[in-house]
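Taking it in order: structure first as structure tokens, then the write-up.
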Amino acid sequence: MNKFTSHSGIATPMLGDNIDTDQIIPSREMKRVSKVGLADGLFSGQRYLYEGNQKIGANPDFILNQAPYENTSILLSGKNFGCGSSREHAVWALAEYGFKAIIAQSYGEIFFNNALRNGLLPIVLGEAEIAQLAASSSDLTTVTINLRELTVSGNGGSPISFQLETYYQEMLLNGWDFIDLALQFTDQLDDFAKQDRKKRPWAYLSATD
Amino acid sequence: MPKTLFDKLWSNHEVTQLADGSSLLYIDRVFMHERTGSIALTSLAENGRQVRNPAHVFCAMDHIIDTFPGRGDQTLMPGGTEFITTTRATTRQAGIRLFDVNDPDQGISHLISAEQGITLPGFTVVCPDSHTCTLGALGAFAWGIGSSDCEQVLATETLRSQKPKQMRVRFDGELNPGVTAKDLILFLISQYGANGGNRMVIEFCGTTIDQLSMEARFTLCNMATEFSAFTALIAPDNTTIDYVRGRTFAPADNHLEASITSWRSLHTEQDATFEQEIVVDVTTIVPMVSWGTSPEHSVRVDAPMPQLDSDSQEAQDKLKAMRYMGFEPGQVLLGTAIQGAFIGSCTNGRLSDLQAAANVLKGRHVDPGVTAICTPGSQQVKRRAEALGLDKVFIAAGFEWREPGCSLCFYAGGEGFSAGQRVMSTTNRNFEGRQGRGARTHIASPIMVAAAAIAGKITDCREFL
């Protein structure tokens with residue numbers, strides 16, 4: 001996994017609540033058995049103009065098509081960002097487009113985990129703090145994230161602290177692989193399964209069942 | 001300390017506790033489908049890793065395949081065939097049981113996981129699909145994950161997690177006429193918001209739940225994800241045990257007694273505490289329908305949608321939703337013309353759902369302005385419905401009778417409604433563009449959808465009972 005230590009970039013305010021993964025990437029944009037090639041489908045329902053179902057150009061009213069946000073790398077949002085479908089494509093599309101972090105009041109649980117798995121940092125801040133960052137970013141300023149210190153600061157503003165499980169912080173700072181970490185516990189798992197099979201034999205199927 | 005049902009499920013699967021207080025959990029079953037499962041299996045192989053226990057992994061074709069009679073690997077979904085063929089190849093290579101396109105037991109993963117006895121009470125079950133919470137109705141800890149987490153479970157049979165907080169939602173009282181499990185969950189979400197579940201594990205209980213059939217319990221738990229719950233649970237009782245017995249992967253006779261004894265211990269002890277408790281008097285609930293683009297945008301069918309008298313973020317979100325849906329604040333939904341009606345999905349694609357809809361459709365005909373489609377949730381549901389002659393009722397009423405799959409819930413099979421078309425749907429999500437770019441989705445119960453299809457407009461299903 002890619003390491004994340006710190007990042008500065010233009011933050012795009014998309015402050016509504018409940019921005020779901022169908023909006024982030026509609027089903028029809030997931031065209032390959034692949035984690036790549038998804039950036040063009042990001043927010044496609046709103047990002048493009050259409051004739052029938054054909055895209056005919058960029059929608060000038062959509063924020064990512066407006067300066068300076070076409071060079072954004074941080075998304076500011078409201079409550080429950082990434083709710084809905086579990087599709088990890090939402091995270092892959094955001095990351096491929098160039099987003100490094102999301103700052104929202106809360107997240108869909110599965111989206112939050114998916115983001116961490118892919119080095120896209122999901123930061124939780126309060127409504128007033130996000131509004132403050134949104135105000136500073138509208139002056140063509142940048143937001144700076146420091147994962148080691150667990151702080152976010154808008155242009156010239158004092159750092160705002162955020163919380164993240166130490167486990168995830170270390171994982172991102174070091175770029176560790178989740179599966180490698182889990183494989184360290186294979187002996188414990190074998191012991192567990194041996195005991196559990198005695199208690200719940202019906203839970204253990206063999207390949208021939 | 002008195003334990004909750006969830007405390008027991010959690011501790012029964014704890015392989016080890018990590019230094020930070022989180023746990024590594026043993027996962028009993030993995031279920032996949034051709035959209036995200038194929039990516040997880042492909043990525044696992046690319047990284048040189050093996051599926052640790054293929055006998056505990058299952059896969060269904062449901063998300064990409066189309067639902068037209070006589071279907072094969074071709075679909076209208078751009079690139080869809082690659083998902084289907086890759087899933088077939090990767091599951092075969094890994095030795096995973098696949099419910100293929102025309103398998104006699106194919107269907108939507110959450111339906112067949114229950115029908116086949118793959119998910120049993122007391123199990124931990126994951127699937128790269130947010131509606132995995134459906135299976136919590138069996139008293140299993142079942143939840144949706146992403147593709148990367150799925151890869152980890154395939155490779156290690158474990159997931160690391162901090163134990164979620166817990167909520168109890170008690171539904172008490174008798175259901176009013178025309179009210180179903182779908183109305184209960186829409187009511188709950190409309191009252192407490194789409195974020196109301198707050199990433200907690202929710203145990204549903206109460207006298208209403210005790211009386212609900214297993215199929216209705218699946219419907220209720222299915223939409224826990226729309227409530228932003230981590231997942232939902234219902235303690236196993238006689239209804240559960242009667243449902244599970246005799247299914248393909250259910251315990252064999254020699255384990256039957258021990259398994260039932262074990263399942264009966266899976267309940268919340270008296271005086272156990274929850275982070276949050278909600279009590280709902282179901283006698284106040286009437287049929288519900290959504291008006292906007294979040295499940296929290298739902299009202300009783302005879303009520304107006306909200307007036308917006310502030311410029312708060314919430315009011316702005318609601319106004320945006322009303323504009324998308326073609327409504328003005330304070331408008332009443334009753335009488336709004338519809339162009340589509342869809343009955344199916346992991347929420348409402350079961351036999352009792354089709355029976356309830358058929359009772360409304362019998363001897364009546366769909367309005368000529370409405371395209372009406374019924375997709376049974378599984379081959380088993382379809383066979384049983386056809387044995388009861390329900391297919392004839394649907395077809396005589398002017399519905400299309402399809403093959404099982406996720407279908408028009410979300411453009412599965414590359415099929416959607418057109419921009420501006422208004423659809424009454426038994427599905428779980430009324431998100432912008434969910435059923436086709438620009439399509440306007442109203443979610444409701446199968447009875448409500450059948451009644452609207454007949455009337456050609458949003459209507460109170462109680463007039464058809």
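Quick notes
- Matching entry among B:ILE112, B:ILE108 (being buried (at least 24 other Cβ atoms within 10 Å of the Cβ) and out of contact with any helix residue (DSSP H, G or I) (no Cβ under 7 Å at 6 or more places or on another chain)): B:ILE112
Residue-wise test of (1) closer than 24 Å to B:LEU120 by Cβ; (2) in a loop (DSSP other than H, G, I, E, B).
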{"residue": "B:GLY136", "(1), (2)": "yes, no"}
{"residue": "B:ALA142", "(1), (2)": "yes, no"}
{"residue": "B:PRO177", "(1), (2)": "no, yes"}
{"residue": "B:GLN191", "(1), (2)": "no, no"}
{"residue": "B:ASN195", "(1), (2)": "no, yes"}
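- Residue check, A:GLN169 surrounded by 12 or more Cβ atoms within 10 Å (Cβ to Cβ), within 7 Å of chain B (Cβ to nearest Cβ) and polar (S, T, N, Q): no
- Taking the criterion of being among the hydrophobic types (A, V, I, L, M, F, W, C) and surrounded by fewer than 19 Cβ atoms within 10 Å (Cβ to Cβ), the residues of the stretch B:65-78 that qualify are B:PHE68, B:LEU76.
- Pair list, Cβ < 6 Å and 6+ apart or interchain, from the stretch A:12-36 residues that are closer than 24 Å to A:LEU76 by Cα to residues that are surrounded by fewer than 22 Cβ atoms within 10 Å (Cβ to Cβ) and among the aromatic types (Phe, Trp, Tyr): A:THR12/A:TYR69
- Residue check for A:PRO26: buried (at least 21 other Cβ atoms within 10 Å of the Cβ), at the interface with chain B (Cβ under 9 Å from one of its Cβ atoms) and touching a helix residue (DSSP H, G or I) at 6+ places or on another chain (Cβ under 6 Å): yes
- Matching residues in the stretch B:214-246 - criterion: being in contact (Cβ under 8 Å) with a residue 40 or more places away in the chain and within 12 Å of another protein chain (Cβ to nearest Cβ): B:MET223, B:ALA224, B:THR225, B:GLU226, B:PHE227, B:ALA229, B:PHE230, B:THR231, B:VAL244
- Output for the stretch B:418-430, where each listed residue is crowded, with 24+ Cβ neighbours inside 10 Å and either assigned to a loop (DSSP other than H, G, I, E, B) or among the aliphatic types (A, V, I, L, M) (or both): B:VAL423, B:MET424, B:THR426, B:THR427, B:ASN428, B:ARG429, B:ASN430
- In this structure, B:ASP311 does not satisfy being without any contact (Cβ under 8 Å) to a residue 24 or more places away in the chain and either closer than 27 Å to B:LEU220 by Cβ or in contact with an Asp or Glu (Cβ under 9 Å, 6 or more places away or on another chain) (or both).
- Every residue from the stretch B:300-321 that is hydrophobic (A, V, I, L, M, F, W, C) and within 13 Å of another protein chain (Cβ to nearest Cβ): B:ALA315, B:LEU319, B:ALA321
For (1) of a type in the set (Lys, Arg); (2) buried (at least 24 other Cβ atoms within 10 Å of the Cβ); (3) within 20 Å of B:ILE108 (Cβ to Cβ), each residue gets a yes or a no:
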{"residue": "B:LEU390", "(1), (2), (3)": "no, yes, yes"}
{"residue": "B:ILE395", "(1), (2), (3)": "no, no, no"}
{"residue": "B:ARG434", "(1), (2), (3)": "yes, yes, yes"}
{"residue": "B:ARG437", "(1), (2), (3)": "yes, no, no"}
{"residue": "B:ALA453", "(1), (2), (3)": "no, yes, no"}
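- Residue identified as surrounded by 23 or more Cβ atoms within 10 Å (Cβ to Cβ) and either at pLDDT 95 or above or more than 20 Å from A:ARG87 (Cα to Cα) (or both) among B:THR85, B:THR90, B:THR81: B:THR90
The values are calculated or read from the model by the stated rules, or taken from the named source; none is laboratory data. Worth saying up front: this structure is predicted, and the values here are computed from it rather than measured. Cβ sites come from the backbone with ideal geometry, for glycine too, and all protein chains shown count toward neighbours.
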